[in-house]
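Structure record follows, encoded as C-alpha cells.
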Amino acid sequence: MAEFIRSYLFYVFHSLTKYDIVAIGWVIFLAVLLLVLAAFIKRHSLQYFILFLSILLLFFGPVGTKLVLDNYLRKADITINKVKALKYSNSVIVTGTITNSSRLPFKKCDIALLFTKPSNNNIMKKVTNTLKPLHTFVWDMNTTLEKKETKQFKIIVDSFKIKDFNLTVQPRCYP
C-alpha cells in the first residue's frame with residue numbers, strides 16, 4: 001500500500017501542467033476573495049454562509065479541479081482482455097489495451113493494478129476493500145502515447161498468492 005501511495009503522490013506532483021496550476025490558483029484566489037467578502041458583510045447569516053462556502057472551496061476546490069482536469073486533459077481508457085492466475089508459479093498475467101482519449105499526447109503512463117477481496121452487494125465492504133486492497137502493483141509503460149493512439153500491454157505480477165480476488169485497473173498518464 002505504501003508503494004501505491006508513493007507512486008500516486010509522484011503522479012500527482014509530476015502531472016501538474018500549466019492548466020492545473022492556473023485552475024488551482026483561481027480556485028484558491030476565489031476562496032480568499034470570498035473570505036474577504038465575508039469579513040465585510042453585516043448580516044450574520046449571509047456572512048456565515050459565505051464563510052462556510054469559502055472554507056469548502058479552499059479545501060475541496062483544488063482536489064475537485066484536479067479531478068476535473070484529469071478527466072479532461074489526462075483521460076486514458078483501458079480495456080482488459082485477459083486476467084490469468086497461474087497455478088504453479090504464484091503469478092498473475094494481465095493483458096489489455098490502453099487508449100489515449102485526451103486532447104494531449106502522453107509522455108509517460110503508469111498502470112496501477114489493485115487486487116481487492118471479492119464482496120457481495122454490501123456497499124461498505126466494497127468501499128473498505130477498495131481503500132485497503134490486498135495487493136497493489138504499479139507498472140510503468142516506458143513509452144509515449146500520442147492522441148487517439150492505442151497500445152497493448154502485458155503485465156506479469158510475481159509472488160501473488162491470492163486465489164480469489166477482484167481486479168481494478170487505473171491508468172495514470174501525464175503529458
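Where residues in the range 125-141 are aliphatic (A, V, I, L, M) and modelled with pLDDT of 75 or more, which of them is nearest to the chain's Cα centre (by Cα)?
Looking at residues that are aliphatic (A, V, I, L, M) and modelled with pLDDT of 75 or more, I get 138.
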Within the range 139-161, residues among the β-branched types (Val, Ile, Thr) and under 16 Å from residue 75 (Cα atoms) come out as 144, 150
Filter result for residue 91 (free of Cβ contacts under 8 Å to residues at least 40 places away in the same chain and over 14 Å from residue 171 (Cβ atoms))
no
Picked from the range 61-82 (must be among the basic types (Lys, Arg) and under 18 Å from the mean Cα position of the chain (by Cα)), the residue farthest from residue 28 (Cα to Cα) is 75
Q: For residue 104, state whether it is assigned to a loop (DSSP other than H, G, I, E, B), farther than 30 Å from residue 163 by Cα and touching a helix residue (DSSP H, G or I) at 6+ places or on another chain (Cβ under 9 Å).
A: yes
Has the range 79-88 got at least one residue that is surrounded by 12 or more Cβ atoms within 10 Å (Cβ to Cβ), of a type outside the set (Lys, Arg) and either assigned to a helix (DSSP H, G or I) or at positive phi (or both)?
no
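Please determine, by comparing only the residues of the range 142-175 that are among the hydroxyl-bearing types (Ser, Thr, Tyr) and surrounded by fewer than 17 Cβ atoms within 10 Å (Cβ to Cβ), which one is modelled with the lowest pLDDT.
159
Within the range 124-141, work out how many residues are surrounded by 15 or more Cβ atoms within 10 Å (Cβ to Cβ) and of a type in the set (Ser, Thr, Tyr).
Qualifying residue count for the region: 1.
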When restricted to 34, 58, 16, the only residue surrounded by 12 or more Cβ atoms within 10 Å (Cβ to Cβ) and over 25 Å from the mean Cα position of the chain (by Cα) is 34
Checklist entry - Right, residue 43: in contact (Cβ under 8 Å) with a residue 40 or more places away in the chain and either surrounded by 12 or more Cβ atoms within 10 Å (Cβ to Cβ) or charged (D, E, K, R) (or both) or not? => result no
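The values are calculated or read from the model by the stated rules, or taken from the named source; none is laboratory data. Remember, predicted model here, so these are calculated numbers, not experimental data. Methodologically, a virtual Cβ is constructed for each residue, glycine included, from the backbone with ideal geometry; neighbour enumeration extends over all protein chains shown.
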